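Let me begin by presenting the structure, written as structure tokens, before commenting on it.
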């Protein structure tokens, strides 16, 4: 490694002695808020391209520590990074909106992608974000199991021992509880992007956060979508909506307009199944929220409104339970003759949703791909390994044929 990483790191305001490179439940290492903010994904990518880590020693030391603590092995020209870095530049609003996972257009200085964030008078604080979905599972309290190495089997009792009333001198019937396992197995999700060499060299702090967001939060959104609706096939985990044993609320042959009666059925289904009740809530899309907010009584009063609210703001609960709104919940499903217009809602105890994470985010850089060699474009690939499981499928209920006329 050329250069002195301690010297180069300190020039960017990073004070290495305060970093705690120890194992922690939420990430492979612990960094202070200041160190998280100073971490430069762009600098690490550029170091891979030039094979010169003089200006990215801090990032390299973190990668090396992750390799050791998570039993990882580096592959090719790449590095490992924590998954809990911030995605906000001072003066900009936080990015809680996440893009869908996809192969994205190349970022170039002279184009409408990279070029719009490189300049002598770039207004980084006024950066215009793309309209994106929001993650929902984290909002509602899913349990993340980080730093996994091996396959995970969690024993689960799925039936109880039977009891019997017997008469005098009548023998009891033998009966035992039965057990199974919640299994978590690695599933890999990835994203591929390209950046121009000039963009890596000339970009401002704002583009550093943009690179982090587009390379890492796309995967967060993909994991979130898999937790909700993963098919269990084509290398995807099995999400809540497709897990056997999850409760089902059915509107009708051709779906049904979403009424509060269906919300009551959704929350009653897990309660009837004796599901744990610590962290119950709804997940719905924007069309469902809009339609519910528009429902009126015969007197013309809105049914869903906060008590004694002058502003008339939307309440923070519906039929007594919290909710989160995200277009991660589909609104283009089909039921009978209702083609492409049905919405999905999920209710449940979100602490019963387990999301396992193996290792940390793996980033590989290829500066010499067949199309980018002559231009200096750099291909960047991101991998993350996860799985989804439910402690008790009966803790959730799903409605997949809700109609929202007018929305």
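A short reminder: the numbers here are calculations on the coordinates, not readings from a lab. Only a predicted model underlies this, so the values are computations on that prediction, with no experimental measurement involved. FYI the Cβ positions are ideal-geometry reconstructions off the backbone, even for glycines, and counts take in every protein chain you see.
Between residue 383 and residue 188, what is the label-to-label distance in nm when each label sits 7 Å out along the Cα-to-Cβ direction?
0.3
Can you sort 81, 284 from fewest to most other Cβ atoms within 10 Å of each residue's own Cβ? Show your work: numbers first, answer last.
On the way: 81 22, 284 30.
Ordered by Cβ neighbours within 10 Å, fewest first: 81, 284.
Which order do the peptides 40-47, 334-341 take when ranked by the mean count of other beta-carbon atoms within 10 Å per residue, highest first?
Numbers: 40-47: 23.0, 334-341: 13.6.
Going by the mean number of other Cβ atoms within 10 Å, highest first, we get 40-47, 334-341.
Given 0.36 nm per residue, what is the gain on full extension from residue 153 to residue 52 after removing their alpha carbon distance, in nm? Spell out each step's value before the answer.
Working: separation 101, 0.36 × 101 = 36.36 nm, distance 4.25 nm.
Contour length minus Cα-Cα distance gives 32.1 nm.
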